[in-house]
Amino acid sequence: SFSGSAREVAVGELRRLVDVWRVFVAEEGDRHPTDVTERCTRETASMILDTATEWHREAVGTDRAPGTRDPGTSLAAAELYDLYLGAFGDRDSPFYGDCLGPAEDGEAAPSVDAVRYFRAEAYWIAEEWSKCGPAFDEAFLADPGGPYAAEAAYAAVLCYARPPNNGHVSSDRLVLPGDGGPGASGRLPGPRELTDDERAVDAALRRRLCR
């Protein structure tokens with residue numbers, strides 16, 4: 001188990017590792033033997049993903065042991081998932097995570113679409129509602145027919161429904177004639193455009209209902 005400061009150091013070092021990988025492989029890969037660049041890519045991806053899943057498991061727990069539910073651990077895991085997706089999450093990239101092949105121990109890595117779902121789940125555990133809704137949306141849209149789609153669609157709605165309204169202050173309630181509430185004017189309110197947050201909620205609800 002890592003303390004908060006140790007996690008920050010570890011995340012920083014893994015970010016530095018990705019910077020080195022980008023120079024060594026993504027920018028200057030043709031100057032190095034193919035087997036060396038391939039190993040560098042696999043080990044960089046594996047180190048990030050292994051650390052993220054270890055912290056995620058520590059926070060969420062297993063069938064045998066309850067998790068810590070520590071928000072700092074979950075957020076650190078989400079940050080590493082995000083780092084992984086930034087480097088290996090582009091389907092059009094030659095370094096796309098699903099094309100890296102198994103690690104040297106032969107164990108297959110989770111798919112990139114699964115990593116997107118794990119990132120959203122880590123935000124959920126940390127109760128980062130303003131991030132988990134869009135993250136679950138992204139997980140669903142990346143693979144609408146996949147194994148995580150139904151859960152992602154439902155979880156997105158739950159995230160958007162959590163207080164404090166996705167981190168934003170809601171508009172005052174509109175009062176219709178005869179309601180008798182404060183500010184009742186006897187006039188019907190005019191239509192207005194939905195806010196970005198309201199559009200996101202509407203889209204999430206529609207995806208859930210359609211699913």
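When the residues of the stretch 189-203 are filtered to those that are out of contact with any Pro (no Cβ under 9 Å at 6 or more places or on another chain) and among the hydrophobic types (A, V, I, L, M, F, W, C), which remaining residue is surrounded by the most Cβ atoms within 10 Å (Cβ to Cβ)?
If we take residues in the stretch 189-203 being out of contact with any Pro (no Cβ under 9 Å at 6 or more places or on another chain) and among the hydrophobic types (A, V, I, L, M, F, W, C), then V201 is surrounded by the most Cβ atoms within 10 Å (Cβ to Cβ).
Determine, yes or no, whether S93 is among the polar types (S, T, N, Q), free of Cβ contacts under 8 Å to residues at least 60 places away in the same chain and under 20 Å from A152 (Cβ atoms). Walk me through how you get there before you give the answer.
Working: among the polar types (S, T, N, Q): yes; free of Cβ contacts under 8 Å to residues at least 60 places away in the same chain: yes; under 20 Å from A152 (Cβ atoms): no.
Judged against the criteria, S93 is not a match.
Quick test for you: out of S93, S111, pick the one residue that is touching an Asp or Glu at 6+ places or on another chain (Cβ under 6 Å), under 27 Å from P144 (Cβ atoms) and not basic (K, R). So that I can check it myself, show each step before the final result.
Numbers: S93 fails: touching an Asp or Glu at 6+ places or on another chain (Cβ under 6 Å).
Being touching an Asp or Glu at 6+ places or on another chain (Cβ under 6 Å), under 27 Å from P144 (Cβ atoms) and not basic (K, R) holds for just one of S93, S111, which is S111.
Any residue in the stretch 70-78 that is buried (at least 16 other Cβ atoms within 10 Å of the Cβ) and charged (D, E, K, R)? Write out each step before concluding.
Step one: list which residues in the stretch 70-78 are buried (at least 16 other Cβ atoms within 10 Å of the Cβ), which gives 70, 72-78.
Cutting the leftovers down to charged (D, E, K, R) gives us 70.
Looking through the stretch 70-78, at least one residue is buried (at least 16 other Cβ atoms within 10 Å of the Cβ) and charged (D, E, K, R).
Determine whether R119 is touching a residue at least 24 places away in the same chain (Cβ under 8 Å) and of a type in the set (K, R).
On the way: touching a residue at least 24 places away in the same chain (Cβ under 8 Å): yes; of a type in the set (K, R): yes.
The answer is yes for R119.
Condition (residue is open to solvent by 90 Å² or more (accessible area, probe 1.4 Å), in a helix (DSSP H, G or I) and touching a Gly at 6+ places or on another chain (Cβ under 8 Å)) applied to the stretch 42-58: is it met by at least one residue? I'd like the intermediate steps shown before the answer.
Restricting attention to the stretch 42-58, the residues satisfying the condition of being open to solvent by 90 Å² or more (accessible area, probe 1.4 Å) are 47, 50, 54, 57.
Checking which are in a helix (DSSP H, G or I) leaves us with 47, 50, 54, 57.
Next cut, touching a Gly at 6+ places or on another chain (Cβ under 8 Å) only: 57.
Looking through the stretch 42-58, at least one residue is open to solvent by 90 Å² or more (accessible area, probe 1.4 Å), in a helix (DSSP H, G or I) and touching a Gly at 6+ places or on another chain (Cβ under 8 Å).
Take the residues in the stretch 1-31 that are assigned to a helix (DSSP H, G or I) and within 17 Å of S74 (Cβ to Cβ); name whichever of them is most open to solvent (accessible area, probe 1.4 Å).
First, the residues of the stretch 1-31 that are assigned to a helix (DSSP H, G or I): 4-27, 29-31.
If we keep only those that are within 17 Å of S74 (Cβ to Cβ) too, we end up with 4-8, 10-11, 14.
Values: G4: 35, S5: 78, A6: 35, R7: 27, E8: 137, A10: 22, V11: 11, L14: 13 Å².
Looking at residues that are assigned to a helix (DSSP H, G or I) and within 17 Å of S74 (Cβ to Cβ), I get E8.
Assess whether D63 counts as being open to solvent by 50 Å² or more (accessible area, probe 1.4 Å) and either assigned to a helix (DSSP H, G or I) or under 24 Å from K131 (Cβ atoms) (or both). If you could, list the steps in order and put the result at the bottom.
Details: open to solvent by 50 Å² or more (accessible area, probe 1.4 Å): yes; either assigned to a helix (DSSP H, G or I) or under 24 Å from K131 (Cβ atoms) (or both): no.
Against the criterion (open to solvent by 50 Å² or more (accessible area, probe 1.4 Å) and either assigned to a helix (DSSP H, G or I) or under 24 Å from K131 (Cβ atoms) (or both)), D63 does not qualify.
Taking into account only those residues within the stretch 94-153 that are among the hydroxyl-bearing types (S, T, Y) and open to solvent by 50 Å² or more (accessible area, probe 1.4 Å), which is modelled with the lowest pLDDT? Show your work before the answer.
To start, the set of residues in the stretch 94-153 that are among the hydroxyl-bearing types (S, T, Y) comprises 96, 111, 117, 123, 130, 148.
Right, trim to open to solvent by 50 Å² or more (accessible area, probe 1.4 Å) and you get 130, 148.
Details: S130: 90, Y148: 95.
Of everything passing the filter in the stretch 94-153, S130 is modelled with the lowest pLDDT.
The values are calculated or read from the model by the stated rules, or taken from the named source; none is laboratory data. Because the structure is predicted, anything quoted here is derived from the model rather than measured. As a convention, Cβ positions derive from the backbone with ideal geometry for all residues, glycine included, and neighbour counts pool all protein chains shown. Please note that ligands, DNA and RNA were not included when accessible areas were found on the heavy atoms of the full protein model with its side chains. Shrake-Rupley method; radii C 1.70, N 1.55, O 1.52, S 1.80 Å.
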